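Asker: My questions all concern the structure below.
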Amino acid sequence: MRALQYKAYGGPEVLEWAEAPDPHAGPGQLRIAVRAASVNPIDWKAFSGAMSGGEPMAGTGYLGYDAAGVVDEVGDGVTGVAVGDEVFGRGRNTQAESAVLGSWAARPPSIDWAVAAAAGVAGETSERGLRLLDVKAGDTLFVDGGAGGVGAVAVQMALVRGARVIASASEANLDYLREIGATPVLYGQGVAERVRAAAGGPVDAVFDVAGKTPVEDLISLAPEPSQVLSVANFTAARAGARVTGGGADSHPMEALALVADLLAQNRLVIKVQTFPFDRAAEAYRISQSGHVRGKLVLVP
Ligand SMILES: NC(=O)c1ccc[n+]([C@@H]2O[C@H](COP(=O)([O-])OP(=O)(O)OC[C@H]3O[C@@H](n4cnc5c(N)ncnc54)[C@H](OP(=O)(O)O)[C@@H]3O)[C@@H](O)[C@H]2O)c1
């Protein structure tokens, strides 16, 4: 099979769509024939070497944390799924013709493969963030970075919970935020003041999905520092905010089941831009620019 891969750290030019060993489903896993896999910033953080701790590269690097496709191998202990089922979910090295998923949900038949692929990381991260912040009906939530992959899903899933959502973006994405139901504010210098003005009252929780605003500004909006949660600024914990990278606080199967349901009901709409796998570098250049609307998705 072919997989997106890199043998040296660098920019998107290091990526190759080339032969790789076939993966197999271990216990509790599925293998899929991939129909689409999304780009997440963690992928370019990996191939740029930013996560290497200064160590030289050992072996070949592969990319991708979510995908959608057709099940072709079912691992020991997995029930309720059979070869031939159409699923989407989270895994490792998913930007390939064949990939292993560790958590999944059935693809709603009305949902495009690319949209389903885009929903894995963004959906699970959003469910986790909103649950940890205990966002409830009647709450006012600020999502900092609401137009990106995670942000746009978090905005819509918070609205489903009955919250009022204020979200930030660049000028170019303010209308997009309105379209998905948020009250838009410009990010950057003075964002906390603009959020306060838009809220016209207390803000109950802040979900930082961009990691760009000084955490002190975000904490100034919340009833207490722990009601600021970041998935992108891990130094925020020093100021009393909470951070999450998944792991023990993740409930991926429940999250993906919820996401599938919301997609099927059109209560969650994900805007996607697709690229063939052999043009992945173009998608990564856009992702690295930091100004993505919705999700970038790779397709065979
Ligand atoms: N910890 C976890 O579990 C977890 C999971 C998933 C993602 N993440 C991390 O979360 C971050 C976002 O991921 P993503 O997939 O949503 O990325 P993305 O699709 O590239 O979106 C980035 C968003 O950030 C916005 N942005 C840029 N500058 C900003 C600023 N100064 N203030 C506020 N927002 C700003 C952009 O808005 P404009 O386009 O309008 O400029 C864009 O919509 C990444 O760092 C990623 O690694 C963490």
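Conditions (1) without any contact (Cβ under 8 Å) to a residue 24 or more places away in the chain; (2) within 14 Å of the ligand (Cβ to nearest atom); (3) under 26 Å from residue 292 (Cβ atoms), marked per residue:
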{"residue": "17", "(1), (2), (3)": "no, no, yes"}
{"residue": "23", "(1), (2), (3)": "no, no, no"}
{"residue": "30", "(1), (2), (3)": "no, no, no"}
{"residue": "35", "(1), (2), (3)": "no, no, yes"}
{"residue": "43", "(1), (2), (3)": "no, yes, yes"}
{"residue": "46", "(1), (2), (3)": "yes, yes, yes"}
{"residue": "53", "(1), (2), (3)": "yes, no, no"}
{"residue": "58", "(1), (2), (3)": "yes, no, no"}
{"residue": "62", "(1), (2), (3)": "no, no, yes"}
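Asker: Shifting gears a bit: Looking only at region 215-231, decide whether some residue is within 30 Å of residue 190 (Cα to Cα), in a helix (DSSP H, G or I), within 11 Å of the ligand (Cβ to nearest atom) and within 18 Å of the chain's Cα centre (by Cα).
Answerer: no
Asker: Within region 1-98, which strands (runs of 3 or more DSSP E) (wholly inside it) include 3 or more residues that are in contact with a Ser or Thr (Cβ under 9 Å, 6 or more places away or on another chain)?
Answerer: Result: 2-6, 30-38, 66-74, 86-92.
Asker: Something else: Please specify each residue of region 188-239 satisfying the condition of being polar (S, T, N, Q), crowded, with 18+ Cβ neighbours inside 10 Å and more than 21 Å from residue 291 (Cα to Cα).
Answerer: Of everything in region 188-239, just one residue is polar (S, T, N, Q), crowded, with 18+ Cβ neighbours inside 10 Å and more than 21 Å from residue 291 (Cα to Cα), namely 227.
Asker: Which residue, of 34, 78, is within 15 Å of residue 3 (Cβ to Cβ) and either in contact with a strand residue (DSSP E or B) (Cβ under 7 Å, 6 or more places away or on another chain) or surrounded by 20 or more Cβ atoms within 10 Å (Cβ to Cβ) (or both)?
Answerer: After applying the criteria, what remains is 34.
Asker: Can you go through 152, 167, 105 and tell me which one is touching a residue at least 12 places away in the same chain (Cβ under 8 Å) and in a helix (DSSP H, G or I)?
Answerer: Of 152, 167, 105, the one residue that is touching a residue at least 12 places away in the same chain (Cβ under 8 Å) and in a helix (DSSP H, G or I) is 152.
Asker: Same structure again: Do we have residue 28 as at pLDDT 95 or above, over 21 Å from the mean Cα position of the chain (by Cα) and farther than 20 Å from residue 274 by Cβ here?
Answerer: Criteria met by residue 28.
Asker: Step by step: first the residues of region 171-183, then only those that are in contact with a strand residue (DSSP E or B) (Cβ under 7 Å, 6 or more places away or on another chain) and surrounded by 22 or more Cβ atoms within 10 Å (Cβ to Cβ), then the one that is farthest from residue 201 (Cα to Cα). Which residue is that?
Answerer: By that ranking, first place goes to 177.
Asker: Sticking with this one: List pairs: first residue in region 282-300 and within 16 Å of residue 95 (Cα to Cα), second residue of a type in the set (S, T, N, Q) and more than 9 Å from the ligand (Cβ to nearest atom) anywhere in the structure, Cβ distance under 6 angstrom, at least six positions apart or on different chains.
Answerer: Pairs found: 296/273; 297/274; 298/95; 299/274.
Asker: A follow-up question, please. Would you check if residue 146 is part of a loop (DSSP other than H, G, I, E, B) and within 14 Å of the ligand (Cβ to nearest atom)?
Answerer: yes
Asker: In addition: Taking only region 149-165 into account, find how many residues are within 16 Å of the chain's Cα centre (by Cα) and either more than 16 Å from the ligand (Cβ to nearest atom) or modelled with pLDDT under 95 (or both).
Answerer: Selection size over region 149-165: 0.
Asker: Test each condition in (1) crowded, with 22+ Cβ neighbours inside 10 Å; (2) within 20 Å of residue 122 (Cα to Cα); (3) out of contact with any helix residue (DSSP H, G or I) (no Cβ under 7 Å at 6 or more places or on another chain) for residue 168 and report the one that comes out false.
Answerer: Result: residue 168 passes all but (3).
Asker: While we're on this one: Those residues that are near the ligand (Cβ under 9 Å from one of its atoms) and either touching a Phe, Trp or Tyr at 6+ places or on another chain (Cβ under 7 Å) or outside any loop (DSSP other than H, G, I, E, B) (or both), I need them from region 187-211; list them, please.
Answerer: Hits for region 187-211 are 191, 208.
Asker: Would you be able to tell me the number of residues in region 218-246 that are touching a residue at least 24 places away in the same chain (Cβ under 8 Å) and closer than 14 Å to residue 145 by Cα?
Answerer: Looking only at that region, the number is 5.
Asker: Name the single residue that is surrounded by the fewest Cβ atoms within 10 Å (Cβ to Cβ) among those in region 244-279 being of a type outside the set (Ser, Thr, Tyr), within 15 Å of the ligand (Cβ to nearest atom) and over 15 Å from the mean Cα position of the chain (by Cα).
Answerer: Across region 244-279, the extreme among qualifying residues is 248.
Asker: Further, regarding this structure: Looking only at region 247-283, which residues are in a helix (DSSP H, G or I) and closer than 13 Å to residue 108 by Cα?
Answerer: 256, 257, 258, 259, 260, 261, 262, 263, 264
Asker: How many residues are within 15 Å of the ligand (Cβ to nearest atom), over 29 Å from residue 78 (Cβ atoms) and touching a helix residue (DSSP H, G or I) at 6+ places or on another chain (Cβ under 7 Å) when one looks only at region 280-300?
Answerer: The qualifying residues number 8.
The values are calculated or read from the model by the stated rules, or taken from the named source; none is laboratory data. The shown structure was predicted, so the numbers you read here are calculated from the model rather than taken from an experiment. Here the Cβ is made from the backbone with ideal geometry for all residues, glycine too, and neighbour counts use every protein chain on show.
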